[in-house]
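The values are calculated or read from the model by the stated rules, or taken from the named source; none is laboratory data. Just so we're clear, the structure is a prediction, and the values are computed from it rather than from any experiment. Heads up, the Cβs are rebuilt from the backbone with ideal geometry, glycines too, and the neighbour counts pull from every protein chain shown.
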Amino acid sequence: MTLNQINDHFRYYEKAVANYNALTTLLANDSVPEQEKKQIEFRRTYENNTIRLHELFFENINPKRILPSLEFTDKIASAFGNLSAIEQDLVAVSEAEGVGWAGLFASNDSVVVAFIRGSDFGSVSDAGYKPLIIIDCWEHAYVKDFGMQGKKEYVSTLTKYIDWGVVEKRFNDIRSA
Amino acid sequence: MHILVVLALLSSSRCSFHPFSGPLKNASPKRPVGTYKLSPQEYSVNETLVDWVTKNNFPGISNKMMVEHVDLYRGYVKNANTLLANMAKSSIDSVMKLELGRRFGFEANGVHLHELFFSNLHPSPASPSENLVSVISDEFGSFNKFLERIQIIGGTRGTGWVTMTLDKSLNRLILNWVDEHQDGQSIGDVILAVDCWEHAYIKDYKSTARGDYLQNLVKIIDWEVVERRLKAAM
């Protein structure tokens, strides 16, 4: 991935933060009618999800390939077979139509690979799943480098740069909570 | 006397009752229906349209990006046909068929909206006719306010389209946001389609610069095509 692509992605994330702050200011304005406030809340949740998902994404990629401990590999990868199987599943779910986020998620008793449509983080978190791996599959994440039809190649490439150390820490935090 | 006055008022007023609000009169379950037939086709790439957008230079959209955009459109045609074929297969599980049906709206509308979009672009469009300006101004205040409104709605968070449709039950032009290709479509003939997916601008603009793309886009809308669609829909 080029610096051009990555820097543009950071600017996108920064805009989401600016949007969230602007909406928070708007909500504090008493002269905004109640019905409009509901719509602003909806939009602010959207921006908040965008921010959180981007942070999770940037945190879990590393130019160096970081592998997990054997203990983690036994626990998690055994549910899928091996780490490669998880990587392949991430590529498979990213083929879903539209834009969103491919990810590995864990609940108290299960681990799944799933696709979040749009920015609907609630679709997994409401079901009790917390993120272990998050990969941005919106077009802004890959079109500059991989072209409009390059999503599969992009996700395949990115799975080689997952920081499994971060993934393992997230898993341990979920277990100890 | 009062009753007669009320009845007279009712008959002379321009009430816009829904055509199906009253009981059906003279309905006959045995009413004969003439035979008719459909000639079903598959989706196909409109190569004339492809030539139009790839062999002309559209200010604000690089040729390189346009060529890639056309390839994406070809993908939608292929996917829509694949889904049509799979949905017809008896060997596919019924639950899968339902989910293929869900996806079909996405792919099929992807085909239609891209065709509508490509065909309402012009490298150097003529100014809109006085009649079109007047009709649009009636709804949006002025033509410039209408162009601003396209750009404002085009900035909606998410990925999708700005479409303008003619709602015949209201006799109004409806300009609204469509999520992806299929969520939030207003019912009516599409008069104008503007692609606001990131793929439509991100090779030429920064990811945060959809506004710049739209500012240029409204300058290359073919108002003759828009007017032709409106007249056909009326």
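Filter the stretch B:62-83 for residues that are under 21 Å from the mean Cα position of the chain (by Cα) and either farther than 13 Å from residue B:106 by Cβ or in contact (Cβ under 8 Å) with a residue 60 or more places away in the chain (or both) and give the result.
B:66, B:69, B:70, B:71, B:72, B:73, B:74, B:77, B:78, B:81
With the structure loaded, tell me whether residue B:135 is within 14 Å of chain A (Cβ to nearest Cβ), hydrophobic (A, V, I, L, M, F, W, C) and either in contact (Cβ under 8 Å) with a residue 12 or more places away in the chain or under 19 Å from residue B:230 (Cβ atoms) (or both) or whether it fails that test. Spell out the reasoning first.
Values: within 14 Å of chain A (Cβ to nearest Cβ): no; hydrophobic (A, V, I, L, M, F, W, C): yes; either in contact (Cβ under 8 Å) with a residue 12 or more places away in the chain or under 19 Å from residue B:230 (Cβ atoms) (or both): yes.
Against the criterion (within 14 Å of chain A (Cβ to nearest Cβ), hydrophobic (A, V, I, L, M, F, W, C) and either in contact (Cβ under 8 Å) with a residue 12 or more places away in the chain or under 19 Å from residue B:230 (Cβ atoms) (or both)), residue B:135 does not qualify.
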| remark: Here the residues within the stretch A:10-56 that are without any contact (Cβ under 8 Å) to a residue 24 or more places away in the chain, closer than 17 Å to residue A:140 by Cβ and small (Gly, Ala, Ser) are A:18
| query | Going through the stretch A:18-37 one residue at a time, which ones are out of contact with any helix residue (DSSP H, G or I) (no Cβ under 6 Å at 6 or more places or on another chain) and either within 14 Å of chain B (Cβ to nearest Cβ) or among the small types (Gly, Ala, Ser) (or both)? | reply | A:18, A:22, A:28, A:31
| field | Filter result for residue B:178 (crowded, with 17+ Cβ neighbours inside 10 Å, closer than 30 Å to residue A:7 by Cα and out of contact with any Asp or Glu (no Cβ under 7 Å at 6 or more places or on another chain)) | value | yes
| query | Only one of (1) within 30 Å of residue B:209 (Cα to Cα); (2) out of contact with any strand residue (DSSP E or B) (no Cβ under 9 Å at 6 or more places or on another chain) is not met by residue A:34, so which one is it? | reply | (1)
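Going by the conditions given, is residue B:92 at negative phi, without any contact (Cβ under 8 Å) to a residue 40 or more places away in the chain and aliphatic (A, V, I, L, M)?
yes
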| task | Kindly indicate which of A:28, A:16 is modelled with pLDDT of 95 or more and either surrounded by 15 or more Cβ atoms within 10 Å (Cβ to Cβ) or over 23 Å from residue B:203 (Cβ atoms) (or both). | result | A:16
| List, please: which pairs have Cβ atoms under 9 Å, are six or more places apart or on different chains, and start with a residue in the stretch B:185-203 that is more than 14 Å from chain A (Cβ to nearest Cβ) and end with one that is outside any strand (DSSP E or B) and among the charged types (D, E, K, R)? | B:188/B:168; B:189/B:168; B:189/B:229; B:190/B:229; B:191/B:227; B:191/B:229; B:192/B:229; B:193/B:115
